[in-house]
Amino acid sequence: MARFPSMDDKCSVLYLSRLHLDDLSLDHLTDSKRQQIQQLHLTYNRLSFLPNAVCFLSNLEYLDISNNALTVIPDDIMRLTNLKTFVAKNNLLDESSFPKEFERMQVETLNLSGNRFEDIPMQFLKMTTLQSLSLGGNRLKNIPAEIENLTSLEMLYLGGNLISSIPPEVANLTSLRYLVLCDNRIQSIPAQLNKLHSLLSLSLHNNLLTFLPREILSLVHLQELSLRGNPLVVRFIKDMTYDPPSLMELAGRTIKSQNLPFSSCDLPSNLIHYLNLASECPNPKCAGVYFDSCVRHIKFVDFCGKYRLPLMHYLCSPQCSSPCSSNPQSDAESEEENSVPADRLQRVLLG
């Protein structure tokens, strides 16, 4: 059992990294000196468990126990009521390693990258004080909808997992500034992410993206967008599919586009609900609407005058996207989308 050197009276940071420790004793320290310890670094040792002595450092605010062989975090960690930052990268932890009461910890930064998590523990999803959550390099296959509970979250790092989709609930993280989802298996981005008005950086490189939602242009504070290693970068994509509208949709389009009045006295409630689901065609020269039937169209938008990126948008009919049509509604290009000023997006990383 290893001991560490004596501490100075004013010492609050203790570095005990790379000392081949397999346990830790604090018996030779007085209570007052233990209370002085606010930061403890135990990285690159041989610890297979969190030493019991650590859990009695009542004023500990920062604990880094990365690069060990931990498989479980004991219940006694709940004694660390002042802990704000807990880092345990590159261990053997998984979703069953944490006590059920861990959700009551007032931790603000939690970094557990490089472990064996297949799911995000439910305890983490109830920690409303979390400002930074890092679970990169694990085995996560999905992001649970409960992620929206982390209302204080500013940084979410989930790169290097097996995630194939992003739930729309991520858009409810209104304080989020940095979202890292690189090196996964993501094929599409939900349009709801346009509600992340505080987002500064979005890392999506090395996924399976073939297009971006047009709503991404609403991220007015976005400064960095990383897209390298996606199909949308390595090949030119143009895709348009269209299913003819049903008779009910044609009737609904007529009612909405002609602004025909209706009330509950005229139509059953299910049809009124249907009419309220109408989406406006984004073509600025078209006054049309659509319900279930629309043209899935990929338009290339100029970013910063240098890159043209494929953005997905939906049109009410093929006439809204055909350059050969004589229909005045055929021009689906808008000046707002055709060119994005450099101050709207400072860095687009494609390679």
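The values are calculated or read from the model by the stated rules, or taken from the named source; none is laboratory data. No experiment lies behind these values; they were computed from the predicted model shown. Note that we place each Cβ from the backbone using ideal geometry, even for glycine, and neighbour counts take in every protein chain shown. The protein model used for the area step is the full one, side chains on, heavy atoms only, and it has no ligands, DNA or RNA in it. Shrake-Rupley method; radii C 1.70, N 1.55, O 1.52, S 1.80 Å.
Computed values, structure above
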| read-out | value |
| --- | --- |
| Residue in the range 222-241 that is buried (at least 21 other Cβ atoms within 10 Å of the Cβ), under 19 Å from the mean Cα position of the chain (by Cα), among the polar types (S, T, N, Q) and at pLDDT 85 or above present | yes |
| Options Leu63, Leu125, Leu133, Leu140: the member that is part of a strand (DSSP E or B) and closer than 28 Å to His205 by Cβ | Leu133 |
| Selection from the range 182-206 of residues that are touching a helix residue (DSSP H, G or I) at 6+ places or on another chain (Cβ under 9 Å), in a loop (DSSP other than H, G, I, E, B) and open to solvent by less than 10 Å² (accessible area, probe 1.4 Å) | Leu196, Leu199 |
| Every pair of residues 6+ apart whose Cβ atoms lie under 6 Å, when the first sits in the range 149-162 and is in a strand (DSSP E or B) while the second is not charged (D, E, K, R) | Met155/Ser132; Met155/Tyr178; Leu156/Leu133; Leu156/Leu179; Tyr157/Ser134; Tyr157/Gly136; Tyr157/Val180 |
| Single residue of the range 82-92 satisfying the filter (aliphatic (A, V, I, L, M) and over 22 Å from the mean Cα position of the chain (by Cα)) that is most open to solvent (accessible area, probe 1.4 Å) | Leu92 |
| Any pair with Cβ under 7 angstrom, 6 or more apart, that starts in the range 33-57 at a residue that is within 17 Å of Lys89 (Cβ to Cβ) and ends at one that is modelled with pLDDT of 95 or more and assigned to a helix (DSSP H, G or I) | Leu40/Val54; Leu50/Ile77 |
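Condition check ((1) surrounded by fewer than 16 Cβ atoms within 10 Å (Cβ to Cβ); (2) over 26 Å from Leu135 (Cβ atoms); (3) more than 36 Å from the chain's Cα centre (by Cα)) across all residues:
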{"site": "Leu29", "(1), (2), (3)": "no, yes, yes"}
{"site": "Lys33", "(1), (2), (3)": "yes, yes, yes"}
{"site": "Pro51", "(1), (2), (3)": "no, no, no"}
{"site": "Cys55", "(1), (2), (3)": "no, no, no"}
{"site": "Asn68", "(1), (2), (3)": "no, no, no"}
{"site": "Thr71", "(1), (2), (3)": "yes, no, no"}
{"site": "Asp76", "(1), (2), (3)": "yes, no, no"}
